[in-house]
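Participant: First the structure, then my questions, so here it is.
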Amino acid sequence: MELYQLGIKAAREGLAKGDFSSVELMQSVIDRYHAENPRIGAYLTFDEEGALAEAKANPRGVPLAIKDLINVRGQPCTCGSKILQGYVSPYDATVITNIRKGGFIPAGRVNMDEFAMGSSTETSALGRTVNPYDVTRVPGGSSGGSAAAVGSDLCIAALGTDTGGSIRQPASFCNCVGLKPSYGRVSRFGVTAFASSLDQVGPMTKSVDDAALLLQALAGHDEMDGTTPNEPVPDYVRAMEGASLKGVKLGLPKEYFIDGLDPEVKRLTDEAIKRCADAGAEIVEVSLPHTDYAMAVYYIVAPAEASANLARFDGVRYGHRSAQSDTVFNLYARSRAEGFGPEVKRRIIMGTYVLSSGYYDAYYGRASKVRTLIRRDFEQVFRHVDALLTPVAPTPAFKIGAVQDPLTMYLNDLFTIPGSLAGNCSISVPSGFTQPTADVPALPVGVQFVCDAYREDKLLRVAKAYEALRT
Ligand code: GLN
């Protein structure tokens with residue numbers, strides 16, 4: 001076994017026992033990067049010297065691939081966009097300070113959909129990332145670089161972000177564990193904002209143990225982010241001790257088991273349900289009656305917030321400035337026209353429209369009210385069940401270029417968006433592979449568990465017990 005194949009837990013054990021050094025571990029990841037990244041395209045850049053120097057200084061440090069929207073001082077932070085090409089971060093995000101304290105080293109910047117808008121990493125303006133299980137397919141998105149890096153052992157683990165599914169869907173497509181923490185569990189300070197009321201950073205890892213170890217380092221109050229409550233963070237590893245599904249009440253939201261689900265995803269989800277039942281879980285059907293509105297609400301709230309957040313990219317303060325900026329208006333307009341890609345522009349236009357005077361009440365105001373109803377659906381259901389079990393995405397990884405219509409692309413997040421709007425926590429756990437055919441190899445598919453807000457302890461316990469059923 002090569003060192004780059006290790007997960008966090010095993011890497012830590014090896015470092016502690018002195019089986020290898022942090023520099024050797026880092027070098028192994030770098031060698032792997034040279035050998036395999038040209039094929040997969042997970043990383044955009046890798047400051048090898050900086051990473052090795054940090055490994056030398058931190059003999060217990062485990063390398064982590066970082067999604068290219070999280071600021072690390074002295075590193076690029078492109079958000080997959082031309083508008084931020086050449087930008088160098090002047091400071092560390094709180095999650096970066098936290099992971100360093102927790103025994104990790106930021107090592108390499110991974111690709112993503114531009115400003116995290118997308119479900120396939122195809123909207124990245126800076127590179128193509130492919131699915132390690134079939135290089136003609138997408139890795140999912142927007143954290144596709146993170147997922148492809150984990151799924152092809154190009155890293156030990158990675159950080160992703162999730163606004164409406166961007167950790168969970170690519171995790172499902174690339175056979176890794178992806179955890180979206182509850183809103184406010186992890187600081188957003190220094191993480192380029194897409195939709196501030198939804199964004200969360202979370203772990204993308206090779207096992208549930210590793211997700212717990214990484215979440216432990218990430219989570220907690222930050223005075224720089226007013227949405228992080230000043231409450232203690234549970235011991236997540238402890239929470240998983242003796243994890244079992246016996247007596248666990250698992251809800252199946254009937255609105256999620258719809259026609260149009262890919263038959264292989266359906267088969268694998270049914271198998272997951274059966275496995276849980278056989279392990280002693282009590283399976284109950286539940287209802288989240290406002291599920292149908294989640295997509296519409298998300299595509300008002302997220303673009304609205306994005307249009308405000310992206311106003312700062314004006315050609316003056318960061319990144320790209322148009323060469324044809326003869327007037328102030330042209331400086332703004334041309335820099336943005338040249339710097340942003342089509343999906344980002346679409347969101348800015350939609351967002352600006354729904355926030356404009358005369359339309360605010362009809363769209364944003366209304367969507368916010370429906371969002372409350374969606375959150376209440378979950379609160380209601382979690383009075384009766386411990387966790388929900390659902391598909392992660394309606395299909396396995398699709399072909400590069402196959403989805404051209406934005407609305408069809410948006411449907412990828414049908415099962416992940418409602419929980420994001422509610423602010424609860426959820427995880428995608430590998431659940432098996434599709435049946436290979438003559439033209440399509442076996443593709444990984446994950447299953448999603450959802451728990452009430454701030455119950456990552458419970459979520460990890462369920463996920464850990466589920467993972468153990470498969471090994
Ligand atoms: N695919 C969704 C979107 O494009 C979610 C993205 C995300 O979670 N960052 O908005």
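Participant: Looking only at segment 384-420, which residues are part of a loop (DSSP other than H, G, I, E, B), within 20 Å of Gln435 (Cβ to Cβ) and within 20 Å of the chain's Cα centre (by Cα)?
Facilitator: Selection gives Val392, Ala393, Pro394, Thr395, Pro396, Ala397, Phe398.
Participant: Just to check your reading of the model, which residue among Gly74, Gly86, Gly127, Gly141 is modelled with pLDDT under 95 and closer than 28 Å to Arg336 by Cβ?
Facilitator: Answer to the selection: Gly86.
Participant: Looking at (1) away from the ligand (no atom under 16 Å from the Cβ); (2) over 30 Å from Phe433 (Cβ atoms), can you tell me which one Ala281 breaks?
Facilitator: (2)
Participant: Here's a follow-up. Pick from segment 268-308 the residues that are hydroxyl-bearing (Ser, Thr, Tyr) and not in a loop (DSSP other than H, G, I, E, B): which of them is surrounded by the fewest Cβ atoms within 10 Å (Cβ to Cβ)? Break it down into steps so the answer makes sense when it comes.
Facilitator: Restricting attention to segment 268-308, the residues satisfying the condition of being hydroxyl-bearing (Ser, Thr, Tyr) are 269, 287, 291, 293, 298-299, 307.
After this cut, where a residue has to be not in a loop (DSSP other than H, G, I, E, B) as well, the list is 269, 291, 293, 298-299, 307.
Numbers: Thr269: 25, Thr291: 19, Tyr293: 16, Tyr298: 25, Tyr299: 21, Ser307: 21.
Among those that are hydroxyl-bearing (Ser, Thr, Tyr) and not in a loop (DSSP other than H, G, I, E, B), it is Tyr293.
Rundown of residues vs (1) within 18 Å of Val429 (Cβ to Cβ); (2) of a type in the set (A, V, I, L, M, F, W, C), yes/no style:
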residue	(1), (2)
Gly145	no, no
Val150	yes, yes
Ser172	yes, no
Val177	yes, yes
Ser182	yes, no
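Participant: Please specify each residue of segment 196-215 satisfying the condition of being more than 16 Å from the ligand (Cβ to nearest atom), surrounded by fewer than 23 Cβ atoms within 10 Å (Cβ to Cβ) and in a loop (DSSP other than H, G, I, E, B).
Facilitator: Result: Ser207, single match.
Participant: Among the residues in segment 418-430, are any modelled with pLDDT of 95 or more, more than 16 Å from the ligand (Cβ to nearest atom) and under 20 Å from Asp162 (Cβ atoms)? Quick ask: steps written out before the conclusion?
Facilitator: Kept after step one, since they are modelled with pLDDT of 95 or more, are these residues of segment 418-430: 418-430.
Filter once more, so that each one left must be more than 16 Å from the ligand (Cβ to nearest atom): 429-430.
If we keep only those that are under 20 Å from Asp162 (Cβ atoms) as well, we get 429-430.
Yes: segment 418-430 contains one or more residues that are modelled with pLDDT of 95 or more, more than 16 Å from the ligand (Cβ to nearest atom) and under 20 Å from Asp162 (Cβ atoms).
The rows are residues; the columns are (1) in a loop (DSSP other than H, G, I, E, B); (2) among the aromatic types (Phe, Trp, Tyr); (3) modelled with pLDDT of 95 or more.
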position	(1), (2), (3)
Phe189	yes, yes, yes
Phe194	yes, yes, yes
Ala217	no, no, yes
Leu245	yes, no, yes
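Participant: So for segment 319-340 (the condition being within 16 Å of the ligand (Cβ to nearest atom) and within 27 Å of Thr123 (Cβ to Cβ)), does at least one residue qualify? Reasoning before the result, please.
Facilitator: Our first condition is that a residue be within 16 Å of the ligand (Cβ to nearest atom); within segment 319-340, this holds for 340.
Next, from what is left, pick out any that are within 27 Å of Thr123 (Cβ to Cβ): 340.
Yes: segment 319-340 contains one or more residues that are within 16 Å of the ligand (Cβ to nearest atom) and within 27 Å of Thr123 (Cβ to Cβ).
Participant: Could you count how many residues in segment 145-180 are assigned to a loop (DSSP other than H, G, I, E, B) and either within 13 Å of the ligand (Cβ to nearest atom) or under 8 Å from the mean Cα position of the chain (by Cα) (or both)?
Facilitator: Taking segment 145-180 as the starting set, the residues that turn out to be assigned to a loop (DSSP other than H, G, I, E, B) are 152-157, 163-167, 174-176.
Filter once more, so that each one left must be either within 13 Å of the ligand (Cβ to nearest atom) or under 8 Å from the mean Cα position of the chain (by Cα) (or both): 163-167.
Adding up the residues that qualify gives 5.
Participant: Taking only pairs six or more apart or across chains, which ones have beta-carbon atoms under 7 Å, a first residue in segment 407-419 that is within 23 Å of Tyr454 (Cβ to Cβ) and touching a residue at least 12 places away in the same chain (Cβ under 8 Å), and a second residue that is near the ligand (Cβ under 8 Å from one of its atoms) and outside any loop (DSSP other than H, G, I, E, B)?
Facilitator: What qualifies is Asp413/Gln169; Thr416/Gln169; Ile417/Tyr298.
Participant: Looking only at segment 110-146, filter to residues that are touching a Gly at 6+ places or on another chain (Cβ under 8 Å) and of a type in the set (D, E, K, R); which one of those is farthest from Leu52 (Cα to Cα)?
Facilitator: Glu122
Participant: Enumerate the pairs (first residue in segment 335-356 and charged (D, E, K, R); second residue anywhere and in a loop (DSSP other than H, G, I, E, B) and away from the ligand (no atom under 13 Å from the Cβ)) with beta-carbon separation below 6 Å, excluding pairs fewer than 6 apart on the same chain, so at least 6 apart or on different chains.
Facilitator: Final answer for the pair search is Glu338/Ser322.
Participant: Could you say whether any residue in segment 253-267 is crowded, with 19+ Cβ neighbours inside 10 Å, under 22 Å from the mean Cα position of the chain (by Cα), more than 16 Å from the ligand (Cβ to nearest atom) and assigned to a helix (DSSP H, G or I)?
Facilitator: Checked against the condition, which is being crowded, with 19+ Cβ neighbours inside 10 Å, under 22 Å from the mean Cα position of the chain (by Cα), more than 16 Å from the ligand (Cβ to nearest atom) and assigned to a helix (DSSP H, G or I), segment 253-267 yields at least one hit.
Participant: Please verify whether segment 430-438 includes one or more residues that are surrounded by fewer than 24 Cβ atoms within 10 Å (Cβ to Cβ) and under 18 Å from Glu241 (Cβ atoms).
Facilitator: Within segment 430-438, none of the residues are surrounded by fewer than 24 Cβ atoms within 10 Å (Cβ to Cβ) and under 18 Å from Glu241 (Cβ atoms).
Participant: Inspect segment 309-328 for any residue being assigned to a helix (DSSP H, G or I), in contact with a Pro (Cβ under 6 Å, 6 or more places away or on another chain) and not polar (S, T, N, Q) and give the result as yes or no.
Facilitator: Going through segment 309-328, the residues assigned to a helix (DSSP H, G or I) turn out to be 309-312, 328.
Those left that are additionally in contact with a Pro (Cβ under 6 Å, 6 or more places away or on another chain): none.
Checked segment 309-328: no residue is assigned to a helix (DSSP H, G or I), in contact with a Pro (Cβ under 6 Å, 6 or more places away or on another chain) and not polar (S, T, N, Q).
Participant: Looking for whichever is surrounded by 24 or more Cβ atoms within 10 Å (Cβ to Cβ), touching a residue at least 40 places away in the same chain (Cβ under 8 Å), of a type in the set (A, V, I, L, M, F, W, C) and under 19 Å from Ser166 (Cβ atoms) here; the options are Phe115, Phe104. Which one fits? Can you show your working first?
Facilitator: Values: Phe104 fails: under 19 Å from Ser166 (Cβ atoms).
Selected residue: Phe115, the only one of Phe115, Phe104 that is surrounded by 24 or more Cβ atoms within 10 Å (Cβ to Cβ), touching a residue at least 40 places away in the same chain (Cβ under 8 Å), of a type in the set (A, V, I, L, M, F, W, C) and under 19 Å from Ser166 (Cβ atoms).
Participant: Checking Lys399 against (1) in contact with a Lys or Arg (Cβ under 7 Å, 6 or more places away or on another chain); (2) crowded, with 20+ Cβ neighbours inside 10 Å, which test does it fail?
Facilitator: The failed condition is (2).
Participant: Looking at segment 1-31, which of the residues that are acidic (Asp, Glu) and in a loop (DSSP other than H, G, I, E, B) is nearest to Ser146 (Cα to Cα)? If you could, list the steps in order and put the result at the bottom.
Facilitator: First, the residues of segment 1-31 that are acidic (Asp, Glu): 2, 13, 19, 24, 31.
Keeping just the survivors that are in a loop (DSSP other than H, G, I, E, B) gives 2, 19.
Working: Glu2: 20, Asp19: 27 Å.
Restricting to residues being acidic (Asp, Glu) and in a loop (DSSP other than H, G, I, E, B), the top hit is Glu2.
Participant: Sort through Leu245, Leu268, Leu261 and tell me the only one that's touching a Cys at 6+ places or on another chain (Cβ under 6 Å), in contact (Cβ under 8 Å) with a residue 24 or more places away in the chain and over 25 Å from Gly103 (Cα atoms). Steps first, answer last, please.
Facilitator: Working: Leu268 fails: touching a Cys at 6+ places or on another chain (Cβ under 6 Å); Leu261 fails: touching a Cys at 6+ places or on another chain (Cβ under 6 Å).
Only one candidate qualifies: Leu245.
Participant: Okay, next question. Which residues, taken from segment 295-310, are within 11 Å of Ala193 (Cα to Cα) and hydrophobic (A, V, I, L, M, F, W, C)? So that I can check it myself, show each step before the final result.
Facilitator: Here is the first cut: in segment 295-310, the residues within 11 Å of Ala193 (Cα to Cα) are 302, 305-310.
Once the filter is applied, which keeps residues that are within 11 Å of Ala193 (Cα to Cα) and hydrophobic (A, V, I, L, M, F, W, C), segment 295-310 yields Ala302, Ala306, Ala308, Leu310.
Participant: Those residues that are under 21 Å from Ile417 (Cβ atoms) and surrounded by fewer than 20 Cβ atoms within 10 Å (Cβ to Cβ), I need them from segment 243-252; list them, please.
Facilitator: Leu252
Participant: If you take the residues in segment 133-144 that are within 15 Å of the ligand (Cβ to nearest atom) and assigned to a loop (DSSP other than H, G, I, E, B), which one is nearest to Gly61 (Cα to Cα)? Step through it out loud before you land on a result.
Facilitator: First pass over segment 133-144, keeping only residues within 15 Å of the ligand (Cβ to nearest atom): 138-144.
Next, only the ones that are assigned to a loop (DSSP other than H, G, I, E, B) stay: 138-143.
On the way: Val138: 31, Pro139: 27, Gly140: 29, Gly141: 28, Ser142: 27, Ser143: 23 Å.
Of everything passing the filter in segment 133-144, Ser143 is nearest to Gly61 (Cα to Cα).
The values are calculated or read from the model by the stated rules, or taken from the named source; none is laboratory data. None of these values were measured; they are calculated from a predicted model. Heads up, the Cβs are rebuilt from the backbone with ideal geometry, glycines too, and the neighbour counts pull from every protein chain shown.
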